[in-house]
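Take a look at the structure below.
Every number in this text was worked out from the coordinates using simple rules, so none of it is lab data. Please read all numbers here as calculations on a predicted model, not as lab measurements. Every residue, glycine as well, gets a Cβ built from its backbone with ideal geometry; the counts of neighbours run over all protein chains shown.
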Amino acid sequence: MQYELNLRDYLRIFKKRKNIILLTFIIATVIGIFLSKIKKEEEPLYKAIATVKVEKRRIIGGFATETIINPGDIMSSETKFIKSFPILRNVAIKLNMIKEESKEEDINKAISQLQNMIDTERVENTNMIRIIAISKDPEKACQVANTVAESYIEYNIFEKTRQYKQEREFIEEQLLSLEKKLYQTEEKLKEFDESSKNIKIAEPIRQKLVELEFKLQELLQQFTEKHPKVIQLREQIKQIESQLNNFSDKELDYARLQREIEVNKNLYRLLKEKLEEARIKESQRVPDISIVTPATVPMRSINLPEVTSKNILIAPILGLFLGLVFAFIFETLDTSIGTIDDLERITNLVVLGVVPPILFDKGKSRLFLFFKKRFYKDQKSDIRKIALFSGFNPKSHQTEAFRNIYTNLKLKENKKIITITSSATGEGKTVISCNLSLTIAQTHLKTLLVCADLRKSTFDNIFGIKNKPGFSDLLMDLVDLKSAVKNITDIILGEIGFEDGLNIYGMDSLYILPSGSYVSNPVELFIDALKIKNLFTKIKEEFDVIILDAPPILPVADVSLIAPYTDTTILVYETGKVSRDALKRAKSQLEQVGAKIGGIVLNNTKPQTEPLEIYPYKIYKKAYQDTH
């Protein structure tokens, strides 16, 4: 770092070196805990607290009536009830302290143990209750507090369901009795009609009496005989009955029967409605209790002195400080180029594009990826997923990065033969070559991807095809161009198969020229400039765009012999892989042989290695997904 740092640079360094900071922090914390010599006079106790809320309580009364009680009226009893036998018995069963068939002695012992562990208290001026569990084991304290809260809710649901069930059964009994009574009364009226067909009834008075008696039945379900409303209604009924005394006995009998039937019918309808309501309530399992705050595992004991935590508190602070120091030391010692501005300033080359990491094991832990990389034997499918990512995922933000690279190349001038190389191995030039070729092919341009790395070809693993005949065979005049080039037919008949081959978007316009037969010294083939020129001229006539996946510059001389005869050369650079001096030497070597360098591609660049304004692929990804 040879420039003045601003706040954004500090944030970038923290993100980039977060693993060092985190590791130092963890190590220092562990050492601090290990070295802390605390004399414990007693075993530590841990307290976990779960908070529950008591809603308005509905108490079932007679004949399907409910009384709503405000939480404040019952908070005292509810606070004590949480520690009652039925709730704690259920808690003991859930915690495997007892079984359903356990002896009474074992049950009482477990409940007594739980009662000593838990306590309850009302949160002042609220309808909430704290359930406090204390144990030597912090996890058990948390488990007990949460289990008591859950059992309290379950018991509330059970009790409500039991009450609604009793209500339903009571109404069903009343309905059966009323049906029988109504049937008997209707039969009597039928017999009376047959024997006294010409009886005239004082209908208005009788109807009024029916209404009053029905109303009396409703009031008696809620009030006693001494209630003023009941007394007043009985007086009205007596007055109407006295009026009916003026009629004949038969008329009165007839009226009484009709009145009784009407009253029973109305009562029957009312009971049917109440029965449906009771069934609905019984099926509902909505508790009057809810958990506001579940208990969490306590991190500190409640009975150890405060001084015991000082050493443990200092250790992580020191670890964080050392982590920051190490982060800056590593950043200072890192001779790679960290930002696009630095890259363009040091190389005097334009950055054509920034390719974010290509991840197909999304959601996997870093530990999983670490072991997979080192011990996973068959990695062909993984290599293929990365190298052909833009074909399998044409709408991804990574594929869009490759489109930007090709667009930037076209804006400079029409480039037909493009050499892609890097300073050293492991910077991802083959991945860039394959994905860029596929991205160009997706625009329906006839694209040829050439494996110009005759020393280490991976095209057989990527495309599932044979390496020969290929590029080396063309240079040795062993085959013609048509025989050496592979197309989509060869791909789907190879290891990739029919289904996957057709699913690679752009593969129908992409043609592959593999490395060809093994050559011990490829320089001998590339040194014939005339042959290279003629081959490239012939390839240009057949294809719209040609991508050469060339070997790295510094280890071998192959690129220095090929690049001067191509339209442009792209340098692939991965931050942290290669020093800035190596990149400058690679650029200088290309310039010495007359190669035209079109620019640099930053590969596998993570967000923490680039400032936000020049590396917004995360923001772009979200916006792109929202519109597609």
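For the residue pair Leu481 and Glu218, what label-to-label distance in nm results when each label sits 7 Å from Cα along the Cα-to-beta-carbon direction?
9.9 nm
Between Lys538 and Lys466, what is the label-point separation in nm under the 7 Å Cα-to-beta-carbon projection?
Computed distance between label sites Lys466 and Lys538 equals 2.0 nm.
Provide the gained length on full extension for the span Glu173 to Gln232, in nm with one decimal, where the gain is 0.36 nm per separating residue minus the Cα-Cα distance. Could the numbers behind the result be given before it?
Working: separation 59, 0.36 × 59 = 21.24 nm, distance 3.03 nm.
The Glu173-Gln232 span can extend by a further 18.2 nm.
Based on the Cβ-Cβ distance of Ala529 and Lys416, what FRET efficiency does E = 1/(1 + (r/R0)^6) give at R0 = 25 Å, to the nearest 0.05? Walk me through the numbers before you get to the answer.
Details: r = 19 Å, r/R0 = 0.74.
With a Förster radius of 25 Å, E is 0.85.
Using the Karplus curve 6.51 cos²θ - 1.76 cosθ + 1.60 with θ = phi - 60°, work out ³J(HN,Hα) for each residue of segment 102-112 in order, rounded to whole Hz, and write x for Gly and Pro.
5, 5, 4, 5, 5, 5, 4, 5, 5, 5, 4
What FRET efficiency, computed as 1/(1 + (r/R0)^6) with R0 = 30 Å and r the Cβ-Cβ distance, is obtained for Ser112 and Val292, rounded to the nearest 0.05? Working shown, then result.
Details: r = 28 Å, r/R0 = 0.94.
Efficiency, rounded to the nearest 0.05: 0.60.
By how many nm would the segment from Glu277 to Leu445 lengthen if fully extended, with 0.36 nm per residue of separation less the alpha-carbon distance? Mind dumping the intermediate values first?
Numbers: separation 168, 0.36 × 168 = 60.48 nm, distance 7.21 nm.
The span from Glu277 to Leu445 would gain 53.3 nm if fully extended.
Extending each Cα 7 Å along its Cβ direction at Gln239 and Glu139, get the distance between those two points in nm, one decimal.
7.9 nm
Kindly write out, for segment 447-455 in residue order, the coupling ³J(HN,Hα) from the Karplus curve 6.51 cos²θ - 1.76 cosθ + 1.60 (θ = phi - 60°), rounded to whole Hz, with x marking Gly and Pro.
Per-residue couplings from phi come out as 10, 10, 9, 10, 8, 8, 8, 7, 8 Hz.
Report the full-extension gain for the segment Tyr183 to Ile314: residue separation times 0.36 nm, less the Cα-Cα distance, to one decimal in nm.
Values: separation 131, 0.36 × 131 = 47.16 nm, distance 8.76 nm.
Contour length minus Cα-Cα distance gives 38.4 nm.
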